[in-house]
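Structure first, then comments.
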Amino acid sequence: MSNQPSTSDWPGERSQDWPVTRAEAQRMIEALRAEIAHHNELYYQQHAPIIADYDYDQLVRRLQALEAAFPELITPDSPTQRVGGSPGGGFKSVPHRIRMLSLDNVYAPEELREWEARCRRVYDGPFDYVAELKIDGLSLALRYTDGVLTEAVTRGDGTTGDLVTDNARTIRQLPQRLAAPLGSDIEVRGEVYLPLSAFRQLNAALEAEGEKTFVNPRNAAAGTMKLLDAHVVAGRGLAMFCYELFVNGVKPFETHWESLTWLRQAAFPVNPHARRCATLDEVLAYCAEMESQRATRDYDTDGVVVKVNPIRVQQELGETAKAPRWAVAYKFAPMRVRTRLRGVTWQVGRLGTLTPVAELEPVFVAGTTVARASLHNEDQIQRLDVRLGDQVIVEKSGDIIPQVVGVVTEARTGAEAPIVVPTLCPGCPDRQVRLVRAEGEVAWRCPEPHCPTKLRQALQHFAARTAMDIEGLGEVVIDKLVREGLVTDCADLYTLTAEQVAALERLGDKSAQNLMAQIARSKTAGLERLLFALGIPDVGRRKAQLLAHHFGSLAALAGASEEALTAVRDIGTTTARRIREWFADDRHRHLIARLEAAGVVTRLETSGSQTAARLAGKQFVLTGTLPTLTRNAATALIEAAGGRVTGTVSKKTNYVVVGDNPGSKLAKAQALGVPVLDEAGLLALLNGRGTPAMPPASL
Ligand SMILES: [Zn+2]
C-alpha cells in the first residue's frame, strides 16, 4: 500500500508522470473500479463490508492517481466521479438542493500540513480553523420549512438520497419546530449515529432472537435508518450531531463557528468537543488529544474534520467535483493490539475461493473481543511471513473483520511453525480435489463443480432472506440434504418430495411440511430475488434489481451480449464479462432450464397499471422551477409511471425537464442532444399522449 504515488496537488486534479503504459493503466483502472464497485455494493447495499475503511480509501486513492495521470480514461461511472453509494430501495429518492459532498482524507500530520499549504497557495490572507470530531455514522440533511421539520434525506450518492423523514423524527434530540428560524427554508446537516451502549443492547437483543447481529455501530445506524417501520427505529435510540447550516440555500453567517453557535442555541445537538484553532499547530494538538481520548466516548469516531472558519475564505477555496477544498478529514490510526496466532482455518466460499482465517488467542480491542482475523490470501501470509504460534499485530479500524497486519519477530521462540497452504480442497473431504490458482489471481480455488462445501454455501445464499427467502432451510437442514445426496444444486430443491424431506434425520413432520411449503412459495419470489440468489459473480442485490428491470426475464438476460449488458446503468465491462461467462456455462444453462421446468418465476411480474410500463426504465433530470409542479411532485409522478429521476445529465438520460431559471443541466442536455421537455410536455408524456420533445433551439 505504501508504493502508491503522492499526488502533487489536489487529488484527482493534476496529471503527472506515471511509469505505466496507457494499456496497462486501462487494465489497472478497470480492475480497481470493479474492486471498488464490489466493496461499494457490500458496504452500501448489503451493509456488510469485508475490508477496512483504510484499505478501501487506498484503493480509491490509487484509482484517483491513475486517472489523474490518464484523464482520458475517466468515465462518468467511475467511482471517483461519485460521492458515495447509490440510494437503497424502499424509500423515495429525492434530489439534494445543495450537493452533499464527501471529504478528502489525510492520514498523517505532514499530509494535513500539505493540505494547509495548498489552501495558502489559493488564499494567502489570514484565516483560522474549526476542528470537530468526525463521528462514524451516516450523513443526513434536515429541512425546516417555515420553522417546521419537513424533510430528512440521507446522503445517498451526494446528488440524490433517500427520504427518511419519519425515521429522522424518532431522533429525540432534534427539534421538530424551531423557536426562531432564520428564514423560511433551513437546511441542517449532521451525522446520525448509534451510541455504543445502544449498539451493544441492540446486538444482545438480536442475538437473543436468533437474528443476525450488526458488525459495528455505523452499520447498525445505517441499517436502522433504512427500516421501513419508524416504530422499530424509535426503539433503537439513534442520536445525531449537527455541523452545517444553510438558510435559503446559503451559509448565513460570516464564520462556520457562528453557525455552530446558532445551531446550539436553536437546540440542535452539536458535539461539545468542536474547537476554534488559530493555527495548524493548534489543530494538530487537537487531533492528538481527541485520538488519545477516543476509547472513552460512547460513540465511535474515526478522525477529526478540519474546516477553514471564515465562509468568505471557504468560497475563495471552492470545491473539486467530489469534495470541498476548505475542509479535510484527518483520520485516526486504526486500533492495534497484540496477541498469539493459534491456528489457521481455510474457508471455502460459495464460488470455491479459499480464504485463510487466523484463529487468535481472544483479545479485547475497541469494545469487542476478537478471536478471529482475516489473513486474506496466501500472498498476504508470505508478505507478513507469519507463522503458527507467532505474536501478531491485529488491527481493527472501526469496522468488521479485524486483520493481521504484522508479526512481532523479536518475540519468536523458535517453536513457530510455517503455515501450510493445503493442496487439496478442505471442503471436499471425500475426494482428493487439487486446488487451482489461475494466473494473475491471488486466491486458490476449488475447481470441483460438486464440491459439497461450495454447494452448501451456494444453497445458504440461495435460501437467504434477502434472496429466495426460504424459511427453515438453514445450515443444518442444508447439511443433511447435501450429505444424503438429495440436492446437488438449487434446482434440486424444487424436485424434493415430502417423503424425502420427512425422512431427514430428526426433522419432524410439521417442520418437513413447513419446509416444503416454503420451498413452493419461493417459486414466486420474483426475478429480482432469483437473479441475486443464483450467485452470479458481481451481481449483488442492487445489480440484480437493475438487470431484472432492464431485461425483464431470465431468458433475455441469458441471451444478452456484453454490449447489451453494459448499456445497463452501473454495469461495467468487467461485470458484463462475468455475467456472460456465467450464462455460457452449460451447467448453468441446464440449471436454468430445470428451474423453469419446476415453475420458478423467471420473468418480471408486471404490477400496476399500464402507466407503470409507460416510462419504465426512462431516466429524467429536472432543472429550474416548473410552473405548477414542485420538484417533489414531478419526481413522484415520474416514479409512479416507472421512470427515474437522477441528478446529472448523461448519455443515458432520456429527457431533461426544464423550468424557469434552468442551470447548466440544460446546456449539457443540448450538448449531448438529450430531448428537452417543459412541464406541459412532461404531463403529456405521463398521460400517454407522447408529445414530441421540444427541440433545444426553441428554448
Ligand atoms: Zn472443494
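Under a 5 Å amide H cut-off, with hydrogens placed 1.01 Å from N, Leu622 pairs with Thr646, Val657 among residues at least 5 apart or on other chains. Here the Kirkwood formula puts the hydrodynamic radius of the chain at 28.0 Å, using every distinct Cα pair.
In whole angstrom, the range 517-651 maps to an equivalent ellipsoid with semi-axes of 32, 19, 11, each derived as √(5λ) from the alpha carbon gyration tensor and ordered largest first. Using the Cα centre of the chain as origin and beta-carbon charges of +1 (Lys, Arg) and -1 (Asp, Glu), tell me which of Gln293, Thr635, Ala458 is placed farthest towards the positive end of the dipole. Of Gln293, Thr635, Ala458, it is Thr635. Charge dipole (Cα centre; +1 on Lys/Arg Cβ, -1 on Asp/Glu Cβ; no other charges) of the chain amounts to roughly 1040 debye. In this simple spin-label approximation, Glu410 and Glu484 carry label points 7 Å from Cα along the Cα→Cβ vector, and these lie 6.0 nm apart.
Each residue of the range 658-674 was assigned a 3J(HN,Hα) from its phi angle through the Karplus expression (A = 6.51, B = -1.76, C = 1.60, θ = phi - 60°), giving 10, x, 5, 6, x, x, 5, 5, 5, 4, 5, 4, 5, 5, 8, x, 7 Hz with x at Gly and Pro. Here the scattering of the range 335-418 is modelled by Debye summation over its C-alpha atoms, one equal scatterer each and no solvent; at q = 0.18 Å⁻¹ the log10 of I(q)/I(0) is -0.72. Within the chain, the longest segment free of exposed loop sites, counting GluC sites (Glu not before Pro) that fall outside DSSP classes H, G, I, E and B and have at most 13 other Cβ atoms within 10 Å, spans 1-208. For the range 459-532, trypsin sites (Lys or Arg not before Pro) are listed when DSSP marks them as loop and at most 14 other Cβ atoms sit within 10 Å of their Cβ; the list is Arg465, Arg506. Legend: translational diffusion of the range 93-331 by Stokes-Einstein, Rh = Kirkwood radius over C-alpha pairs, 20 °C, 1.002 mPa s; D = 115 µm²/s. The range 565-606 and the range 231-307 have Cα centres spaced 47 Å apart.
If r is the Cβ-Cβ distance from Val20 to Thr466 and R0 is 41 Å, what FRET efficiency results, to the nearest 0.05?
Calculated value: 0.55.
Here the sum of -39500 (n - 2.57) over DSSP H runs of 4 or more residues, divided by the residues of the chain, equals -10000 deg cm²/dmol at 222 nm, to the nearest 500. Spin-label model, Asp385/Val476: points 7 Å from Cα along the beta carbon direction are separated by 4.8 nm.
Applying the Karplus relation 6.51 cos²θ - 1.76 cosθ + 1.60 with θ = phi - 60° to the range 451-465 yields 3J(HN,Hα) values of 3, x, 6, 4, 4, 4, 5, 5, 5, 4, 5, 4, 8, 4, 4 Hz, where x marks Gly and Pro. Cα extents for the range 170-253 along the principal axes, largest to smallest and rounded to whole angstrom: 49, 21, 20.
Were the residues from Gln432 through Asp229 laid out at 0.36 nm apart, the gain over their Cα-Cα distance would be 68.0 nm.
Across the alpha-carbon set of the range 368-527, the Rg to Rh ratio works out to 1.09, Rh being the Kirkwood radius. Each residue of the range 430-435 was assigned a 3J(HN,Hα) from its phi angle through the Karplus curve 6.51 cos²θ - 1.76 cosθ + 1.60 (θ = phi - 60°); the sequence is 8, 10, 9, 10, 6, 6 Hz, with glycine and proline shown as x.
Accessible area per residue for the chain, computed on protein heavy atoms with a 1.4 Å probe, is 47 Å². Given a 1.4 Å probe and the protein chains as shown, Ser522 ends up with an accessible area of around 0 Å².
Label positions at Ala556 and Asp146, each projected 7 Å from the Cα along the C-beta direction, are separated by 4.6 nm. Projected onto its three principal axes, the C-alpha set of the range 229-352 covers 59, 45, 34 Å, listed from the longest axis down. Per the Kirkwood formula applied to alpha carbons, the range 452-597 shows a radius of gyration over Rh ratio, Rg over Rh, of 1.00. Across the range 207-297, how large is the tail of the calculated P(r) beyond 14 Å, expressed as a percent of all Cα pairs? For the range 207-297, the share of Cα pairs beyond 14 Å comes to 78 percent. Distance between the C-alpha centres of the range 176-194 and the range 139-162: 10 Å, rounded to the whole angstrom.
The accessible surface of the chain, taken with every protein chain in place and a 1.4 Å probe, is 50 percent carbon and sulfur. Dividing the convex hull volume of the alpha carbon atoms of the range 491-546 by its residue count gives 92 Å³ per residue.
The values are calculated or read from the model by the stated rules, or taken from the named source; none is laboratory data. Since the structure is predicted, the reported quantities are computational estimates derived from the model, not experimental observations. Please note: Cβ atoms are built from the backbone with ideal geometry, for glycine as well, and neighbour counts cover all protein chains shown. Only protein heavy atoms, including side chains, enter the accessible area calculation; ligands, DNA and RNA are left aside. Shrake-Rupley method; radii C 1.70, N 1.55, O 1.52, S 1.80 Å.
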